[in-house]
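Below: one structure, written as structure tokens.
The values are calculated or read from the model by the stated rules, or taken from the named source; none is laboratory data. Just so you know, these numbers come straight off a predicted model, no measurement behind them. Positions of Cβ are generated from backbone atoms using ideal geometry, with glycine treated the same way; all protein chains shown enter the neighbour counts.
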């Protein structure tokens, strides 16, 4: 199993989401995981319950669990 698949499973990502890139900086104790979906992907609309295309996206950053705390 490759690292992208491992993180996809660990984060509970469903299709069409995929892990595109993983960067680890030991000095900063920082793990960055970049997620995306293929162009043309469709998602379930929370209002009409139909599969709908995406019109635009925004890159976001958030802090998840701290891997390095004891």
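Of the residues making up the range 57-70, not a single one is over 11 Å from the mean Cα position of the chain (by Cα) and in a strand (DSSP E or B).
Is the range 2-21 home to any residue that is surrounded by 11 or more Cβ atoms within 10 Å (Cβ to Cβ) and in contact with a helix residue (DSSP H, G or I) (Cβ under 6 Å, 6 or more places away or on another chain)? Yes, some residue in the range 2-21 is surrounded by 11 or more Cβ atoms within 10 Å (Cβ to Cβ) and in contact with a helix residue (DSSP H, G or I) (Cβ under 6 Å, 6 or more places away or on another chain). Please indicate, with yes or no, whether at least one residue in the range 51-63 is at pLDDT 90 or above and surrounded by fewer than 11 Cβ atoms within 10 Å (Cβ to Cβ). Within the range 51-63 (the criterion being at pLDDT 90 or above and surrounded by fewer than 11 Cβ atoms within 10 Å (Cβ to Cβ)), the answer is yes, since at least one residue qualifies. Taking the range 22-41 as the range and being surrounded by fewer than 10 Cβ atoms within 10 Å (Cβ to Cβ) and assigned to a loop (DSSP other than H, G, I, E, B) as the test, the residues that pass are 26, 27, 28, 38, 39, 40.
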